[in-house]
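Trainee: Below you will find the structure I want to go over with you.
The values are calculated or read from the model by the stated rules, or taken from the named source; none is laboratory data. None of these values were measured; they are calculated from a predicted model. Positions of Cβ are generated from backbone atoms using ideal geometry, with glycine treated the same way; all protein chains shown enter the neighbour counts. Please note that ligands, DNA and RNA were not included when accessible areas were found on the heavy atoms of the full protein model with its side chains. Shrake-Rupley method; radii C 1.70, N 1.55, O 1.52, S 1.80 Å.
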Amino acid sequence: MNYEFECDRLDRRRRAIVDAARALFIEQGYERTTLGQIVDRAGGSLATVYKLFGNKEGLLDAVVFEKAASGECVIREVAARHRSPPAMLRELAGALYERFLEPDDVALVRMVIARSIDDVDFARRFFETTAMHTRKALEDVFVEWADAGVAMSGPPEVLSEIFLGLIISDLQNDAISHGVMARPGAERIAERTEFFLRGAGLDDARENPGRAETPA
């Protein structure tokens, strides 16, 4: 019983420390944030931080990989609602844009870019956790359409890369420029999506009988 209580206490303490670290990293940057400031906000002690995370870099890992922006769930949820490839991709473009361009996620990506310059392993793990999962989820959707007889102008892996590039480029621009480059509005996202649909030969694709379209 005492062991279970201790585990629960450490889980709650870990949650408080990660939440405080994320908030401070976003508010004032990773470099300017000290472990002392994190402890002041989260409560507890420096000894607990070292016990749970090892050091400040270990705490950054916990913050980044817990909140890493993967669009895998978004893709699968949107795909499950549509039989029509054009309808699915139109909704997905907006959903991914909202998911990836959340201010907290953009701030975390800035930290990832800075850390990745000197830590190749960190960069690799972040890419595998986010971009690879997202791309594979979308590629699976294109493969399913191809298997169902939907004609497409390109292989699924290429089409998934191009489509995601329409959104990811904005995340990278926003992270690097700190918002200097204006974000495109919903109309521009829609224009990009229609251009992609025409190029991929999906603008008039037949409905996939394996999916159920969501009623209007």
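Trainee: Determine if the range 173-181 includes at least one residue that is over 16 Å from the mean Cα position of the chain (by Cα) and more than 30 Å from Glu31 (Cβ to Cβ).
Mentor: The answer is no, given that none of the residues of the range 173-181 is over 16 Å from the mean Cα position of the chain (by Cα) and more than 30 Å from Glu31 (Cβ to Cβ).
Here's the yes/no breakdown for (1) modelled with pLDDT of 95 or more; (2) surrounded by 13 or more Cβ atoms within 10 Å (Cβ to Cβ); (3) out of contact with any Leu (no Cβ under 8 Å at 6 or more places or on another chain); (4) aromatic (Phe, Trp, Tyr):
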residue: Ser160; (1), (2), (3), (4): yes, yes, no, no
residue: Asp174; (1), (2), (3), (4): no, yes, no, no
residue: Ser177; (1), (2), (3), (4): no, no, yes, no
residue: Pro184; (1), (2), (3), (4): no, yes, yes, no
residue: Ala212; (1), (2), (3), (4): no, no, yes, no
residue: Ala216; (1), (2), (3), (4): no, no, yes, no
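Trainee: Suppose the filter is closer than 16 Å to Val18 by Cβ and in a helix (DSSP H, G or I); does Leu52 pass it?
Mentor: yes
Trainee: Need the failing condition index for Ala190 against (1) in contact (Cβ under 8 Å) with a residue 60 or more places away in the chain; (2) closer than 23 Å to Lys67 by Cα; (3) open to solvent by 30 Å² or more (accessible area, probe 1.4 Å); (4) part of a helix (DSSP H, G or I), just the number.
Mentor: For Ala190, the exception is condition (2).
Trainee: Still on this model: Cβ-Cβ below 6 Å, separation at least six or inter-chain, first residue in the range 152-168 and touching a residue at least 12 places away in the same chain (Cβ under 8 Å) and on the phi < 0 side of the Ramachandran plot, second open to solvent by 50 Å² or more (accessible area, probe 1.4 Å) and of a type in the set (Val, Ile, Thr): which pairs?
Mentor: Matching pairs, first to second residue: Pro156/Val143.
Trainee: Right, something else. List the pairs whose first member sits in the range 118-134 and is within 16 Å of Leu108 (Cα to Cα), whose second member is open to solvent by 80 Å² or more (accessible area, probe 1.4 Å) and at pLDDT 85 or above, and whose Cβ atoms are under 9 Å apart, counting only residues at least 6 apart or on separate chains?
Mentor: Listed by first residue and then by second, the contacts come to Asp119/Glu57; Phe122/Glu57; Ala123/Ile117.
Trainee: When you look at Val78, is it free of Cβ contacts under 8 Å to residues at least 24 places away in the same chain, touching an Asp or Glu at 6+ places or on another chain (Cβ under 9 Å) and assigned to a helix (DSSP H, G or I), yes or no?
Mentor: yes
Trainee: Another question, if that's okay. For the subset of the range 25-35 comprising residues that are modelled with pLDDT under 95 and part of a helix (DSSP H, G or I), which member is most open to solvent (accessible area, probe 1.4 Å)?
Mentor: Here the answer is Glu27.
Trainee: When the residues of the range 101-143 are narrowed to those that are acidic (Asp, Glu) and surrounded by 17 or more Cβ atoms within 10 Å (Cβ to Cβ), which ends up modelled with the highest pLDDT?
Mentor: Among those residues, the one meeting the criterion is Glu139.
Trainee: Does Ile168 qualify as being modelled with pLDDT under 95, closer than 20 Å to Leu60 by Cβ, touching a helix residue (DSSP H, G or I) at 6+ places or on another chain (Cβ under 9 Å) and open to solvent by 30 Å² or more (accessible area, probe 1.4 Å)?
Mentor: no
Trainee: Among the residues of the range 178-185, is any out of contact with any Ser or Thr (no Cβ under 8 Å at 6 or more places or on another chain) and assigned to a helix (DSSP H, G or I)?
Mentor: No - not one qualifying residue is present in the range 178-185.
Trainee: Sticking with this one: So if I check each of Gly44, Gly58, Gly71, which one is open to solvent by less than 70 Å² (accessible area, probe 1.4 Å), over 30 Å from Cys7 (Cα atoms), out of contact with any Asp or Glu (no Cβ under 8 Å at 6 or more places or on another chain) and at pLDDT below 95?
Mentor: Gly71 is the lone residue from the list that is open to solvent by less than 70 Å² (accessible area, probe 1.4 Å), over 30 Å from Cys7 (Cα atoms), out of contact with any Asp or Glu (no Cβ under 8 Å at 6 or more places or on another chain) and at pLDDT below 95.
Trainee: With a cut-off of at least 2 residues that are of a type in the set (Asp, Glu) and within 27 Å of Tyr30 (Cβ to Cβ), name the helices (runs of 4 or more DSSP H) lying wholly within the range 83-145.
Mentor: Working: elements: 85-100, 103-118, 120-129.
Helices (runs of 4 or more DSSP H) meeting the threshold: 103-118, 120-129.
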